[in-house]
Amino acid sequence: MTTRILRSLIGGSLTGVGAVVAAGAAHASGMATPWQINLQDAASPVMERVHGFHNMLLVIQISIVVLVLGVLAYIIVRFNAKRNPDPSRTAHNTLLEIVWTAVPIVILVIIAIPSLKLLYFSDRAQDPDMTLKVTAHQWYWSYTYPDHGDFAFDSLPVAAEVLEAGQPRLLTVDNPIVLPVDTTIQVLVTTDDVIHNFAVPSLGLKTDATPGRVNETWVRISKEGTYYGMCSELCGVNHYYMPIQVKAVSKERFAAWTQEAKEKFAARPAPAVAAAPAQSIQ
Amino acid sequence: MAHGAAAGHGAHAHGEHDHHPTGWKRWVYSTNHKDIGTMYIVLSMIAALLGGMMSWYIRLELAEPGIQFIEDTQFYNVLVTAHGFLMVFFVVMPAMIGGFGNWFVPLMVGAPDMAFPRMNNISFWLTAAGLVLLVMSAFVGGGPGTGWTVYPPLSSIAYHPDAAVDFGILALHVAGAGSILGAINFIVTILNMRSPGMTMHRMPLFAWSILITAFLLLLALPVLAGALTMLLTDRNFGTHFYDPAGGGDPLLWQHLFWFFGHPEVYIIILPAFGIVSQLVSTFSRKPVFGYLGMAYAMSAIGVVGFIVWAHHMYTTGLGVNARAYFTTATLIIAVPTGIKIFSWLATMWGGSIDFKAPMLYAIGFIFLFVVGGVTGVALANAGIDFALHDTYYVVAHFHYVMAIAAIFAMFGGYYYWIGKISGKQYNECLAKTQFWLFFIGVNVLFFPQHFLGLAGMPRRIPDYPDVYAGWNMVSSFGALLTMLGTFLFYYIVFHTIRSGKPAEANPWGEGATTLEWTVASPAPFHTHEVQPVISAGDHGHGGHGHGAHPRPAE
Amino acid sequence: MLGAQARGINRTKLTAVILFAVVAAMGGLAFASVPLYRMFCQVTGFAGTPRTGAYVGTASAGAGAAGEVTVRFDANVNSQLPWQFQPVERQVVVRPGEEVLIHYRAHNFADKPITGTATFNVTPFKAAQYFNKIECFCFTEQTLKPGEDVSMPVVFYVDPQLFEDPNTAEVRKITLSYTFFPVETQAQQPSAGEKAL
Ligand code: HEM
Ligand SMILES: [Cu+2]
Ligand SMILES: [Cu+2]
């Protein structure tokens, strides 16, 4: 036990990290990279704006921390007991107090304006070209394509032992979501049991799946590629092991894929009652 | 510490007051605010060892990718849950409110004891019973693997069929009842039992912070109790408050929980503000800058804290206008928070600062609180929550701003007051070593978690994709340092009580102006039986650090 | 001195009594939040709760309205319920103010009668306050005999206000979702708690 602890705390993982660097290179977009320190690459309009907003925030955050640290450092050097044996007795300075109330308010307004813009942009109802329906289960996802023949399939994680080269552990699934690029997609999210959260960082998607309700969000994928996500609300024993994998393809390939998928995942039986047209009562 | 206090009192046979019970009865039946405070501190130190070991075990598991030690991932969830509950309800709250609050609020305001000494005893034992129930919950069935937020339906009978969650609920009920009684006790004491001349506007900021905290407890905990009761009846008596199949709504729980939960983080941090204000003033040998602004900033934080709860629920499907409102309200809290930081800096400015261990912790607190504060400003924005919700960015944020910041104030408070409590003074060199070990440790531990969170690593997972290996290893190394720092602290406490030098009544010099420094060390069993008279002429602004010269009772 | 002390004790007691009352009130508020929350959602359309009740729009409202909105239908069945449940028509295009009848269809696979009840919500959430349900199978519990196949009507209209409110004017698609849950039998679940409340 002790050696194991030591190994794992000191050196053991270095080899692991090395292997990861190699594997990670094959998946530059759509997931994090080793030692990454910032947001994942953006591949949707919302995530692009999140990047912009976060960059602005970072500047403000770092400035505030540096300012406070600087003042602290000056105080430590200048006002220690040795250099300043006689403390001042100043306990008030109205002007100063007004300034340090007013300046933060200005900074907050500077933050709030782009923040609310981003929020309302992300919420703006789009006229979607298609719908993806997401249903969470303990511990896998199932996806329905109501506009393409209403076929549905389950998406289960692939065990580490059977992964192929380049497939990331804990992120790879047997049946990924396939979606077309440059298409506005309505995403409906719900669950069959506990609360889960459907999240794909690069696409700026993160929406709770709550029993008894259907949440809506949207995405428009800008680049072809594979995007990964993980369930982001504690949902029980295998919470860590219900990945989300999105394959974004061209519209043509998407059309071809839906044809195959319809057969592969045998569409659900159509309603027995002949589709009666909607009636206007008025 | 219990031994120290006991020894201290024993040595200090106090003639006419010597009729108090001895042996186990002294503690079990205690109605003395100092003894009860000591018991709270001991309880907190025990719980800290448990909660700490859980977190180090968690970090050990997370040191490298793959499942290393915790094969049963339900047990991982139980560890996370228990760690959160222990630290919040049984480490920070008992130490700051029950421990330092009990010890020093009556001393600082010049009251002979708490208003309701028997109720004080009940508060403590309810908290202790809560701790026992919470520890038991981890051993019932699979344990509660719900996170400290206990969201249904995961916490419902269908997904946690054994009694573990019920034990957890009872633990919180019992501890919550204890805290409510304690809060009433503090409010009554502070409002009605101050010494003549100790006006509200002369009261030390630590007493102010406990007063405001007590009001938050009073308003927030009953809501948690109600919400927990509904969860309990949903689980056991077939009600459907949170069950959509029966017309309930799981989101109702989240609203109620966070209506309690957000004020709860202020319940943790306000007493820390109070302690840091005393430390900064004492060791700068200056009165607190902007005393009134500080007191009212704390009150403002308390009030606004009740109308921001849904910033924890941005991804649940709240309407956009609701999210815009909660974003704005949350950002506003940064203003009074900023006032506090700047006032501490201004208190130090022009001071003659003595960098004793408590002061190092106060400065460390300010640093951690600023770092956690600026990430809080990011998390306030609903628009960016798509990227940050439920990631390690959140874990880093709340440990900086609340958890570790509070621990820093606690360590500062321990070193500051241990002489008054035990009659022995700690070893400065050991304490400074402990500070640096812990300070470096927490930053190595939690700073990289910002990177992990931004890069998308979810929280509450026992295993993670291999790309996150690097920073996780660094973070776990930091945890190792905090473990050493914590053990060193326990050794210092032991060392102080065993072989510390006798403490003077006031070891800190002219900067320490509050009333507790006017009584002997260790503080006698009974203090302020004849209330000290505070007069404005003595010190301008009274006991909050303006060089008060109260006339002590003895 | 003694008088002052007695007064002090009374004030102390009074403060304590007031504080206990505050605790009781806040505890009560937690329970009161159950009906209050529901009312709040219904009144404001919060969290996608559509309005229900009789038609209150004016006949002229629909006339000449420039906008049309597509209403799409979504169906979910909890896996504890052995039913199939689907909208008959996937979507309809409606004019504002127009009263529309659509159907869902449900089928009971089980060999015993089963009662279900449906929750519902509208997305985008902000459109919910302008989505009015006049008649819906979800207002009551539904019991299906073994193998039974039923068609279940919904009558609704979209308030023309939808197009005038700047917050919702861009909405062109509204989704109405249902989730069917089994109703537990009395034997298993002794009381419907919050109804009793
Ligand atoms: C050295 C000390 C500490 C370490 C190493 C530590 C470590 C951790 C870690 C790694 C997690 C996240 C686990 C996960 O999400 O999988 C966590 C969660 C948490 N910690 Fe700490 N922590 C420490 C101190 C504290 C303190 C002092 C407090 C409280 C005041 C605290 C409160 C919490 C809470 C509330 C959670 C969230 C639990 C949940 O997700 O339900 N921690 N801690
Ligand atoms: Cu999940
Ligand atoms: Cu909060």
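The values are calculated or read from the model by the stated rules, or taken from the named source; none is laboratory data. What you are looking at is a predicted structure, and each value in this text was computed from that prediction instead of being measured. Virtual Cβ from ideal backbone geometry, glycine too; neighbours counted across all protein chains shown. Calculation scope for accessible area: heavy atoms of the full protein, side chains included, ligands and nucleic acids excluded. Shrake-Rupley method; radii C 1.70, N 1.55, O 1.52, S 1.80 Å.
Annotation: of all residues in segment B:312-335 being within 16 Å of ligand 1 (Cβ to nearest atom) and in a helix (DSSP H, G or I), the one that is most open to solvent (accessible area, probe 1.4 Å) is B:His312.
Does segment B:320-339 contain any residue that is in contact (Cβ under 8 Å) with a residue 12 or more places away in the chain, basic (Lys, Arg) and farther than 27 Å from A:Val189 by Cα? No, because not a single residue in segment B:320-339 is in contact (Cβ under 8 Å) with a residue 12 or more places away in the chain, basic (Lys, Arg) and farther than 27 Å from A:Val189 by Cα. A single member of A:Tyr143, A:Tyr120 is touching an Asp or Glu at 6+ places or on another chain (Cβ under 9 Å) and either outside any loop (DSSP other than H, G, I, E, B) or in contact (Cβ under 8 Å) with a residue 24 or more places away in the chain (or both), and it is A:Tyr143. For segment B:336-345, residues that are among the small types (Gly, Ala, Ser) and either open to solvent by 20 Å² or more (accessible area, probe 1.4 Å) or at the interface with chain A (Cβ under 7 Å from one of its Cβ atoms) (or both) total 1.
When segment B:448-464 is filtered for residues that are without any contact (Cβ under 8 Å) to a residue 60 or more places away in the chain and either more than 30 Å from A:Pro168 (Cβ to Cβ) or away from ligand 1 (no atom under 11 Å from the Cβ) (or both), the ones remaining, listed by number, are B:Pro448, B:Phe451, B:Ala455.
Tell me, yes or no, whether segment B:380-403 has at least one residue that is more than 7 Å from every other protein chain (Cβ to nearest Cβ) and within 21 Å of B:Tyr416 (Cβ to Cβ). Yes, segment B:380-403 contains at least one residue that is more than 7 Å from every other protein chain (Cβ to nearest Cβ) and within 21 Å of B:Tyr416 (Cβ to Cβ).
Conditions (1) more than 14 Å from ligand 1 (Cβ to nearest atom); (2) polar (S, T, N, Q), marked per residue:
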residue: A:Thr217; (1), (2): yes, yes
residue: A:Arg220; (1), (2): yes, no
residue: A:Lys223; (1), (2): yes, no
residue: A:Thr226; (1), (2): yes, yes
residue: A:Gly229; (1), (2): yes, no
residue: A:Ser232; (1), (2): no, yes
residue: A:Cys235; (1), (2): no, no
residue: A:Tyr240; (1), (2): no, no
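Being within 14 Å of chain A (Cβ to nearest Cβ) and either crowded, with 24+ Cβ neighbours inside 10 Å or touching a helix residue (DSSP H, G or I) at 6+ places or on another chain (Cβ under 8 Å) (or both) is a property that B:Phe438 lacks. May I ask you to say which residue of A:Val71, A:Val50 is surrounded by 21 or more Cβ atoms within 10 Å (Cβ to Cβ) and facing chain B (nearest Cβ under 9 Å)? The conditions single out A:Val50.
Yes/no per residue for (1) open to solvent by less than 10 Å² (accessible area, probe 1.4 Å); (2) touching a residue at least 24 places away in the same chain (Cβ under 8 Å); (3) in a helix (DSSP H, G or I):
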residue	(1), (2), (3)
B:Ala245	no, no, yes
B:Ile268	yes, yes, yes
B:Phe273	yes, yes, yes
B:Ser281	yes, yes, yes
B:Val288	yes, yes, no
B:Leu292	no, yes, yes
B:Ala300	no, yes, yes
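Listed here are the residues, each with its yes/no results for (1) more than 9 Å from every other protein chain (Cβ to nearest Cβ); (2) over 20 Å from the mean Cα position of the chain (by Cα).
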position: C:Phe120; (1), (2): no, no
position: C:Lys133; (1), (2): yes, no
position: C:Phe137; (1), (2): yes, no
position: C:Glu141; (1), (2): yes, no
position: C:Glu148; (1), (2): yes, yes
position: C:Pro153; (1), (2): yes, no
position: C:Pro160; (1), (2): yes, yes
position: C:Arg172; (1), (2): no, yes
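Set side by side, the residues A:Pro180, A:Pro201, A:Pro146 differ, and just one is open to solvent by 10 Å² or more (accessible area, probe 1.4 Å) and within 15 Å of A:Tyr227 (Cβ to Cβ), which is A:Pro201. Being of a type in the set (Phe, Trp, Tyr), more than 16 Å from ligand 3 (Cβ to nearest atom), crowded, with 24+ Cβ neighbours inside 10 Å and away from chain A (no Cβ under 14 Å) is a condition met by at least one residue of segment B:103-119. Just name the residue that is modelled with the highest pLDDT out of those in segment C:42-79 that are of a type in the set (Phe, Trp, Tyr) and touching a strand residue (DSSP E or B) at 6+ places or on another chain (Cβ under 9 Å). For segment C:42-79, the residue satisfying everything is C:Phe73. Here A:Ala136 does not qualify as closer than 26 Å to B:Ile461 by Cβ, free of Cβ contacts under 8 Å to residues at least 12 places away in the same chain and more than 9 Å from chain B (Cβ to nearest Cβ).
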